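The values are calculated or read from the model by the stated rules, or taken from the named source; none is laboratory data. Remember, predicted model here, so these are calculated numbers, not experimental data. Because the Cβ atoms are built from the backbone with ideal geometry, glycine has one as well, and the counts that use them run over all protein chains shown.
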Amino acid sequence: MRMRPYEALALAALAVAACNSAPPVPTSSDPDGKDLVEGAVVAATESAGGVRLYKIVHVDDLPEPLGYEYHLIAYDPKAGSFEEAARLWASPSRTIAIPHIEVRKMHFMPRDHRVLKVEPVSDAELAPYLNRHKPQR
């Protein structure tokens, strides 16, 4: 049985839509922050309102009492909800607001946040972190 051209186009459109679909939003985050790992795409509430997207590119495990420090990329625009943030992650309209920001776990954990997915960190995403942490001569 041969596929008609319009059927092939419809199938291709469904495949593209599936690849670009928003990740599901978990109902909560891990209360201990164990889901905040390298490559995690995180949607977190902002004190000024809205939900911002972040991607964790590196995690430092510092001696106590310092604990974990997250190195993130912050994205624009802010969303109105976690679901909208997930759709934003799947769309090409997001841009980098801050290429590298450091946040200690104790400062990040009080924020309502959701890990939307975990994906590899690219060399381009890691570059601002590496440039900032080059050994000084």
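Odds and ends about this structure:
- Where a residue in segment 20-39 is in a loop (DSSP other than H, G, I, E, B) and its partner, wherever it lies, is among the polar types (S, T, N, Q), with Cβ under 8 Å and at least six apart: Asn20/Ser91; Asp35/Ser29
- So Tyr70, is it touching a residue at least 24 places away in the same chain (Cβ under 8 Å) and not acidic (Asp, Glu): yes
- The residues of segment 99-137 that are in a strand (DSSP E or B) and either more than 17 Å from Glu38 (Cα to Cα) or among the charged types (D, E, K, R) (or both), listed by number, are Glu102, Arg104, Arg114, Lys117.
- Here Val25 meets the list (1) at pLDDT 90 or above; (2) over 12 Å from Phe108 (Cβ atoms) almost entirely, failing just condition (1).
- Evaluated against (1) buried (at least 16 other Cβ atoms within 10 Å of the Cβ); (2) farther than 16 Å from Pro23 by Cα; (3) modelled with pLDDT of 95 or more, Pro128 falls short on exactly one condition, (3).
- Any hit, segment 62-83, residues being out of contact with any strand residue (DSSP E or B) (no Cβ under 7 Å at 6 or more places or on another chain), surrounded by 14 or more Cβ atoms within 10 Å (Cβ to Cβ), closer than 20 Å to Ser28 by Cα and not acidic (Asp, Glu): no
- Any chance Ala97 is in contact (Cβ under 8 Å) with a residue 12 or more places away in the chain, small (Gly, Ala, Ser) and under 18 Å from Lys117 (Cβ atoms): no
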